[in-house]
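Enquirer: Below are the structure tokens for one structure; questions will follow.
The values are calculated or read from the model by the stated rules, or taken from the named source; none is laboratory data. Here the structure is a predicted model, which is why all the values come from computation and not from measurement. Ideal geometry is used to build each Cβ from the backbone, glycine not excepted, and the neighbour counts take in all protein chains shown. For the accessible areas, the whole protein counts, side chains as well, though only heavy atoms, and no ligand, DNA or RNA atoms are used. Shrake-Rupley method; radii C 1.70, N 1.55, O 1.52, S 1.80 Å.
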Amino acid sequence: MLKIALTGGPGSGKSTVARMFRDLGAQVIDADEVAHEAVSPGRPAWEELRREFGPDYFREDGVLDRAKLSHLVFRDAEARRKLNAIVHPQVAREIAGRLKDLAAQGVKLVMVEVPLLFEAGLEKNYDLVIVVDAGEKEQIERLTARDDRPLQEAAGIIDAQWPLSAKKVRADFVVDNRNSLEKTRSQVQKLWQRLKNHLDKGFEKS
């Protein structure tokens, strides 16, 4: 089974591109969705987070207040390190399990949307890497509009991750999401066709 990581920067359009691939028939696993499940009440990661950060970061119903914790970790590098150390291993195990199940079903190609692929050192787990690229201005605009974040916080989220320039040089493919959705979709369609055409006879990256 060909395992492909789809990554990028905050607000670069990873989820948009993932939906485009899914619409074309790709099996897509969303690591952020897996992370949501991993921190649901009663799960091991939830227990660890509650011990580490205390009840102030949880709502009355016990659900993790992701927005409040997000505000903390993007201001505090040590808090961010602790969060990642708790959540990332749980997410990696869950994704590995899902990939194993899909392989057993005979699925030949799976994409996994992984926001912190390089930051967490997970690129070695995948055969190919696709990076979704965008300009910093577009990233900030999308973050402030989508999540209603203040400008300074949006900039801090971007600064907390590897720059897109560093991710692009490590990518096998780059999808440029700076322009219209139609242009992005055209790139995705061409790449999807190329992946399918070469899947059975061995993929050439060049």
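Enquirer: Filter the helices (runs of 4 or more DSSP H) completely within segment 1-81 down to those with at least 1 residues that are in contact (Cβ under 8 Å) with a residue 60 or more places away in the chain and out of contact with any Leu (no Cβ under 6 Å at 6 or more places or on another chain).
Expert: Ranges flagged: 14-23, 31-38, 66-73.
Enquirer: Moving to a separate point now. Filter segment 73-110 for residues that are closer than 19 Å to A45 by Cα, touching a helix residue (DSSP H, G or I) at 6+ places or on another chain (Cβ under 6 Å) and open to solvent by 60 Å² or more (accessible area, probe 1.4 Å) and give the result.
Expert: K82, E94
Enquirer: A further question follows. So, in segment 139-148, how many residues would count as being among the acidic types (D, E) and either under 17 Å from the mean Cα position of the chain (by Cα) or open to solvent by less than 50 Å² (accessible area, probe 1.4 Å) (or both)?
Expert: So the answer is 1.
Enquirer: So, K3, is that one buried (at least 20 other Cβ atoms within 10 Å of the Cβ) and charged (D, E, K, R) or not?
Expert: Working: buried (at least 20 other Cβ atoms within 10 Å of the Cβ): no; charged (D, E, K, R): yes.
No, not satisfied.
Enquirer: For segment 111-206, which fully contained helices (runs of 4 or more DSSP H) count at least 1 residues that are in contact with a helix residue (DSSP H, G or I) (Cβ under 6 Å, 6 or more places away or on another chain) and farther than 26 Å from A92 by Cβ?
Expert: Answer list for segment 111-206: 136-147, 151-159, 181-199.
Enquirer: Scanning segment 161-178 for residues that are open to solvent by less than 30 Å² (accessible area, probe 1.4 Å) and of a type outside the set (D, E, K, R), which turns out nearest to G9 (Cα to Cα)?
Expert: L164
Enquirer: Suppose we filter L151, L122 for residues that are modelled with pLDDT under 90 and under 21 Å from V28 (Cβ atoms); which single one remains?
Expert: Values: L151 fails: under 21 Å from V28 (Cβ atoms).
Residue meeting the stated conditions: L122.
Enquirer: Could you please find all residues in segment 122-138 being open to solvent by 20 Å² or more (accessible area, probe 1.4 Å), under 18 Å from N177 (Cα atoms) and of a type in the set (D, E)?
Expert: Let us first name the residues in segment 122-138 that are open to solvent by 20 Å² or more (accessible area, probe 1.4 Å), namely 122-127, 136-138.
Restricting the remaining residues to those that are under 18 Å from N177 (Cα atoms) gives 136-138.
Of everything in segment 122-138, those that are open to solvent by 20 Å² or more (accessible area, probe 1.4 Å), under 18 Å from N177 (Cα atoms) and of a type in the set (D, E) turn out to be E136, E138.
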